[in-house]
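Have a look at the structure below before the remarks.
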Amino acid sequence: MNMRGRFSRDPRTPQVRVNHRIRVPEVRVVLEDGENLGVITTEEALRIAHQRGQDLVEVNPKANPPVCKILDFGKYKYEEKKKAAEARRKQTVVEVKEVKLRPKTDDHDLAVKIRHARKFLESGNKVKLTCRFRGREITHPQIAQQQLDIVIRGVEDLAGVEQRAAMEGKTMSVLIAPKPQVLQRLASERAARERDRERRGASSPEHDAPEEPDLDEVEDDDDDDDDDED
């Protein structure tokens, strides 16, 4: 049996009690092959684990009594870590990217903003469009609304408005999100990569796709102007 009293010390995961860290008087015991030994004293469970050269691992502390398995704890930790990594690799992470405008953004720069927004959306991310006012610009919110509408029309085949335009201090913002067909396409591509990886026997998720350039928080070149004027 492995070192007495061994238990998980990873601060990112719930602590798993093992062997003599299990201090309740009795437990329900299941063997590694699934055989159920029923409810027995913890002392007896530890004796059986010792005889088998394995560990007594608490797998369901909330049950009454707690459920424990007799198995190799090192192998158990490895399998749990492997499952967690697989789950992280398969999960879809939706980020909110930001594209910044100004009321005076010209047509050329708006076209650039639209291209950036489309790249974010095509990657499955939501996009927050913000138009920042300076000085007396805030007295003409309709100009900002027009700028936002131009960008929204430029991506309407990919996205819909999730949160309508609203004022936030000195900015007007709107949140757009990818349409279901965009997310379905990404899911299909991800599934195809999974099948390809399984065929190759690859274990690393880092070769799924080339890393896209960091376009987060795209701003106008004139955002370094002087402070607001009253």
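Conditions (1) within 28 Å of the chain's Cα centre (by Cα); (2) crowded, with 17+ Cβ neighbours inside 10 Å, marked per residue:
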position: F120; (1), (2): yes, yes
position: G135; (1), (2): no, no
position: T139; (1), (2): no, no
position: G160; (1), (2): yes, no
position: M167; (1), (2): no, no
position: K170; (1), (2): no, no
position: Q184; (1), (2): yes, no
**Prompt:** With Q54, Q142, Q146 as the choices, which residue is among the polar types (S, T, N, Q) and touching a Leu at 6+ places or on another chain (Cβ under 8 Å)?
**Reply:** Q54
**R17 at pLDDT below 90, at negative phi and either surrounded by 12 or more Cβ atoms within 10 Å (Cβ to Cβ) or under 24 Å from the mean Cα position of the chain (by Cα) (or both)** = no
**Message:** Considering only region 78-90, I want to know if a residue exists there that is surrounded by fewer than 19 Cβ atoms within 10 Å (Cβ to Cβ), hydroxyl-bearing (S, T, Y) and either modelled with pLDDT of 95 or more or within 18 Å of V18 (Cβ to Cβ) (or both).
**Reply:** yes
**Message:** For a quick check of your reading of the model, give me the residue pairs whose first member lies in region 73-102 and is in a helix (DSSP H, G or I), whose second is modelled with pLDDT under 75 and surrounded by 11 or more Cβ atoms within 10 Å (Cβ to Cβ), with beta-carbon atoms closer than 7 Å and at least 6 apart or on different chains.
**Reply:** F73/N2; F73/R6; G74/N2; K77/S8; R89/P205
**Asked** Within the group L129, L158, L186, which residue is at pLDDT below 90, within 23 Å of H116 (Cβ to Cβ) and either touching a Lys or Arg at 6+ places or on another chain (Cβ under 6 Å) or hydrophobic (A, V, I, L, M, F, W, C) (or both)?
**Response** L186
**Request:** Would you check if there is a residue in region 33-56 being within 30 Å of E198 (Cα to Cα) and not assigned by TED's automatic domain parsing to the domain that holds V161?
**Result:** yes
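The values are calculated or read from the model by the stated rules, or taken from the named source; none is laboratory data. Here the structure is a predicted model, which means the values were calculated and not measured. Reconstructed Cβ throughout: ideal geometry from the backbone, glycine too, with neighbour counts over all protein chains shown.
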